[in-house]
Amino acid sequence: MALLQISEPGQSTKPHERRLAVGIDLGTTNSLVATVRSGQADTLADEQGNHLLPSVVRYTDVDVSPIVGQDAKQHAASDPLNTISSVKRFMGRAVKEIKHFGSQLPYDFVDTETKVPRIKTAAGEKSPIEVSAAILTALKQRAEQSLGDELTGVVITVPAYFDDAQRQATKDAGKLAGLNVLRLLNEPTAAAVAYGLDKSAEGIIAVYDLGGGTFDISILRLNKGVFEVMSTGGDTALGGDDFDQAIAQWIMQQAGITENISQNKIRHLLKIACDAKESLTENESVDLSVEFNDSNTWSGTINREILNSLIDPLIQKTIVTCRRALRDAQVNVEDVQTVVMVGGSTRNLRVREKLGEFFAQPPMVDIDPDKVVAIGAALQADVLVGNKPDDEMLLLDVIPLSLGLETMGNLVEKIIPRNTTIPVSRAQDFTTFKDGQTAMTVHVVQGERELVSDCRSLGQFALHDIPAMVAGAARIRVMFQVDADGLLSVTATEETTHAEASIQIKPSYGLTDTEIETMLRDSITHAKGDVEARNIREQQVEADRVIDALQIALQKDGDLLEEQEVNSIEVALLELNKVREGDDHRLIKTSIEKLNEATTEFAARRMNKSIKQALAGHQVDEFE
């Protein structure tokens, strides 16, 4: 039923002046939709008064609409093949990646050569995008029923570490659900919007987001309505589910259970563990009773002290990540003025206590941590559809991993560094490596390492119609553009002919969350070795260039040299070829210098020869 808004006489908003917009928190476990009404943002409930929509979809028949939410969740155990949950984990991922980390998933994945995973259901094969679209459709229907009209636009939130493929998959799901996706918004940024506008805060903000399966930390700067994400970090395999696992393992130890138990028993045990964890937020202790089989039932008590001992190592992991994010932002703990809590797992009292100790201030918990992301998205959507033309709120997110190109020697030339504010455009000039080169392959990569083999390939394209010139004469400008949703387009243009080629990075599968975290850690662990490897490759590329140029010159003008000079050059050339295969970049550089010295006179003679050829048949005064 639509809600009527009552205004003072003469102050009602004309229907055509108010555009309906919502923010959607498309979560792994639960999803929400929120909107701004009468200047206040809040989440919308269904007919039963529930604000949280379980992110679960059940398919029953080809001609029947899927069941979404709580009704679907109730069939997860009885109909696992047709009841899809936590589909957010599959977004933008390849089939082999899902099968690798989801070996115990009950779903029947289709064997296909395509990179987009598909799940067999009673309603046919379904992709993660289609499943997510079903969730978004349910939220759209809830919103339109509550607001009484069609939506003008929506803002959908995504984890800070979603890569290009995962973001594009989310946008595609929104489009499939019939939504006008105004933009994607990082979840921590959405939380900052909610708190920043409500509290009119300025300064450095830490957004601590601990959900069911992932952890994110963002350091933001808020100044006069402008939010800038200074750095992001996270642990993509840490969340409240790990708290449940720790409690469940403790229960099994107490019960003396050492052998494997069935999946149904595991799910039942995790449910008991989760209930106990939540109860300990209000109570000092909780009595437990678990039936493992007909002859083995365990009863006992867990208290806050035991819970804290179980989860303290996990909380400490998040603190370590917080320290790293502060270093990336180049700020100290003392610089942080506000700490915002996001995610249901931040209701845990121990989490709040430990985080308060680390930041030396109590975290902000005024807004329901389950709702805060959706509320922030709703506030941003309200601005983007034009309902607040005088609002100057501007959101500046950052890219999680550096973007660059492959250059000679398998080297990465970073064009846009990690943590650069988006939207952003950056250009850099490149040139050809060989004489007469008329085409160039542009290979776009993402990552923090120095070698292409250690980074992720995003895509490649070829630029043709480069004028045939000597090596290094052509000028190719490569432009990188990242839009507000974090999606990348790359264009290469030859400056003289204006020949152009481009690519939009919208891959059908992406980098896993774990791989992103691993790449960031590896970039730190291997920093010294990577620099050394880059120095070696750079000198090897320079050696190849010098050797190729010399061999061409000898073939063309070798007759300008005496035999003794040829022998001297060949000795230096042989030495360079030998050290080029080694791993001492200083030695390679020294050998290049020696070869250059040995060929100095040869180069002068070639120059004189070229000048004489150019002057042949002309008078000197013609060139005055």
Within region 67-92, track down each residue that is part of a strand (DSSP E or B) and either open to solvent by 20 Å² or more (accessible area, probe 1.4 Å) or on the phi > 0 side of the Ramachandran plot (or both).
-> 67, 68, 85
Looking at region 128-137, which of its residues are open to solvent by less than 30 Å² (accessible area, probe 1.4 Å) and in contact with a strand residue (DSSP E or B) (Cβ under 9 Å, 6 or more places away or on another chain)?
-> 128, 131, 132, 134, 135, 136
Condition set open to solvent by 70 Å² or more (accessible area, probe 1.4 Å) and touching a helix residue (DSSP H, G or I) at 6+ places or on another chain (Cβ under 8 Å), scope region 98-113, selection modelled with the lowest pLDDT: answer is 101
Taking region 538-560 as the search range and keeping residues that are open to solvent by less than 30 Å² (accessible area, probe 1.4 Å) and among the small types (Gly, Ala, Ser), which one is farthest from residue 432 (Cα to Cα)?
-> 558
Looking at (1) without any contact (Cβ under 8 Å) to a residue 24 or more places away in the chain; (2) of a type outside the set (Gly, Ala, Ser); (3) out of contact with any Ser or Thr (no Cβ under 8 Å at 6 or more places or on another chain); (4) surrounded by 14 or more Cβ atoms within 10 Å (Cβ to Cβ), can you tell me which one residue 357 breaks?
-> (4)
What is the one condition in (1) in contact with a Ser or Thr (Cβ under 8 Å, 6 or more places away or on another chain); (2) under 16 Å from residue 34 (Cβ atoms) that residue 183 does not satisfy?
-> (1)
Filter region 139-191 for residues that are surrounded by fewer than 21 Cβ atoms within 10 Å (Cβ to Cβ) and of a type in the set (Val, Ile, Thr); which is farthest from the chain's Cα centre (by Cα)?
-> 152
The one condition in (1) open to solvent by 50 Å² or more (accessible area, probe 1.4 Å); (2) in contact with a strand residue (DSSP E or B) (Cβ under 8 Å, 6 or more places away or on another chain); (3) closer than 22 Å to residue 359 by Cα; (4) of a type in the set (Gly, Ala, Ser) that residue 299 fails to fulfil = (3)
Inside region 249-296, can you point out the residues that are small (Gly, Ala, Ser) and open to solvent by 90 Å² or more (accessible area, probe 1.4 Å)?
-> 295
Selection over region 66-91 where residues are more than 20 Å from residue 26 (Cα to Cα) and touching a residue at least 24 places away in the same chain (Cβ under 8 Å) yields a count of 4
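Rundown of residues vs (1) outside any helix (DSSP H, G or I); (2) within 43 Å of the chain's Cα centre (by Cα), yes/no style:
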position	(1), (2)
567	no, no
571	no, no
575	no, no
583	yes, yes
586	no, yes
589	no, yes
594	no, no
597	no, no
601	no, no
Are there any pairs with C-beta distances below 7 angstrom linking a residue in region 362-389 that is farther than 17 Å from residue 184 by Cα to a residue that is of a type in the set (Asp, Glu), with the two at least 6 apart or on different chains, and if so which?
-> 388/382
Strands (runs of 3 or more DSSP E) contained entirely in region 446-499, each with at least 1 residues that are open to solvent by 70 Å² or more (accessible area, probe 1.4 Å), of a type in the set (D, E, K, R) and at pLDDT 80 or above = 476-482
Positions within region 166-201 being acidic (Asp, Glu) and at pLDDT below 85, in sequence order = 198
Go through 64, 95 for me and flag whichever is over 26 Å from residue 210 (Cα atoms), open to solvent by 50 Å² or more (accessible area, probe 1.4 Å), β-branched (Val, Ile, Thr) and modelled with pLDDT under 90.
-> 64
Any residue in region 280-308 that's free of Cβ contacts under 8 Å to residues at least 12 places away in the same chain and on the phi < 0 side of the Ramachandran plot: show its pairings with residues that are in a helix (DSSP H, G or I) and open to solvent by 80 Å² or more (accessible area, probe 1.4 Å) at Cβ separation under 9 Å, as long as the two are six or more apart or on different chains.
-> 291/268
Test residue 174 against the stated conditions and say whether it is more than 19 Å from residue 93 (Cα to Cα), small (Gly, Ala, Ser) and out of contact with any Cys (no Cβ under 7 Å at 6 or more places or on another chain).
-> no
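The values are calculated or read from the model by the stated rules, or taken from the named source; none is laboratory data. The shown structure was predicted, so the numbers you read here are calculated from the model rather than taken from an experiment. Cβ atoms come from the backbone with ideal geometry, glycine included; neighbour counts cover every protein chain shown. For the accessible areas, the whole protein counts, side chains as well, though only heavy atoms, and no ligand, DNA or RNA atoms are used. Shrake-Rupley method; radii C 1.70, N 1.55, O 1.52, S 1.80 Å.
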